[in-house]
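Accompanying notes for the structure given below.
The values are calculated or read from the model by the stated rules, or taken from the named source; none is laboratory data. The structure displayed is predicted, hence computed values, not measured ones. Heads up, the Cβs are rebuilt from the backbone with ideal geometry, glycines too, and the neighbour counts pull from every protein chain shown. Surface accessibility is based on the protein's heavy atoms, side chains included, excluding ligands, DNA and RNA. Shrake-Rupley method; radii C 1.70, N 1.55, O 1.52, S 1.80 Å.
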Amino acid sequence: MANTPKALNLRFPDPAQRAAIEAAARQEGKSLQEYILSAAIDKATAVERKFLAAFEASKTRSGEAFRTASDGLDPTPEQRTAEQRARRDLEEQEREQGQKRGQGQGQGHAA
């Protein structure tokens, strides 16, 4: 199959609309198809720019909200030290309990 470009099937229910678009295309020195496609691209690009601007504004608002919310979440160095000490103590207790359980196993009645 050949890769020949196909013309758009341009049907306008309103003859006045077609005449207005043809006049605008002639004024810009473009074919009707080229004019319609470039208008569609311009519209899509404008929508994309609007979306990206809104997305950037949303990211900024979210970032500010998270910064504000997290200001009191970071523990002080003293809190971190206490948490680490508590974790070590807990792990040590768990190890001791595990060793005690291990010592109790294997001591059964002989058959």
It is to be established whether one or more residues within region 58-77 are in contact with a Pro (Cβ under 8 Å, 6 or more places away or on another chain) and either in a helix (DSSP H, G or I) or at pLDDT 85 or above (or both). no
Just one listed residue, out of 93, 103, 33, is at pLDDT 85 or above, in a helix (DSSP H, G or I) and either at positive phi or open to solvent by 70 Å² or more (accessible area, probe 1.4 Å) (or both), and it is 93
